[in-house]
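Read the structure below first, then the notes.
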Amino acid sequence: MLFRKAVKDDSAFIAESLKAILSLHAKGREDIFRSSGAKYTAEDIENMLSDTDTHIFVAEKNGVLYGYAICYKLIKKDDPVLMDRAVFYLDDLYVVPETRGNGIGHKFMDFLFGYAKECGCQSFELNVWEFDGSATGFYEKCGMTTQRRTMEKKL
C-alpha cells in the first residue's frame, strides 16, 4: 500500500467518499447532520491541495484508491494559558468499507503519525463522534487517548 500526497485527479474520489461519511454521520445523529450534501466539493479539494497548511493523502495500490486523509497543521501560539505548540489535526480519514479490517487504516495512521512528526508537530489530534463506536475503538487501537470531551444535553 502506497500513501502519497493527493493530486487533482484524486479529488472526485475524495468528494464521493465524503458523501459516504456524511451518510454515516446522518444515520448516527440525524438531529445534527444533513442527509445529503458534502463537506467539501471536488473543487474545494482541488483548492485545498495548494494550501501549505492542508495535507491531503490517499492510500493507493496498483492505481486503485482505498482511502484518503485530510489533515491540517495548526500552530497554536500566544494563548494566555496554553503553551505554544504545533498540532497535526486529522479532519477526515476514510477507508473504502469493503477493505476495512485488512490493516489499511492502521498503516495509514502510522504514516500520518510519522508525517506529523516530520512536520515538527508535538501532537496529533482529531475529533470522533461517540455514536460511531467502531471509529473510537479504531483510534484507541492506534494508540490515541481522550484529551478532552464535548458533552451535551439535548433540550
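No lab work stands behind these numbers, since they all come straight from the coordinates. Remember, it's a predicted structure, so these values are computed and weren't measured experimentally. Positions of Cβ are backbone-derived with ideal geometry, glycine not excepted, and every protein chain shown enters the neighbour counts.
Among 74-86, 127-139, how do they line up by average Cβ neighbours within 10 Å per residue, starting with the highest?
127-139, 74-86
Highest first, please rank the peptides 99-112, 24-37 by the mean number of other Cβ atoms sitting within 10 Å of their residues. Could you put the intermediate results ahead of the total?
On the way: 99-112: 16.4, 24-37: 12.6.
For the peptides 99-112, 24-37, the packing ranking is 99-112, 24-37.
Quick one: of Lys77/Lys153; Lys107/Lys141; Lys8/Lys61, which pairs are farther than 21 Å apart, Cα to Cα?
From Lys77/Lys153; Lys107/Lys141; Lys8/Lys61, over 21 Å: Lys77/Lys153.
Can you name the helices of the chain, as whole DSSP H runs, whose Cα span along the helix axis is 24 Å or more and whose Kyte-Doolittle mean is not below -1.0?
Span-like helices in the chain: 11-28.
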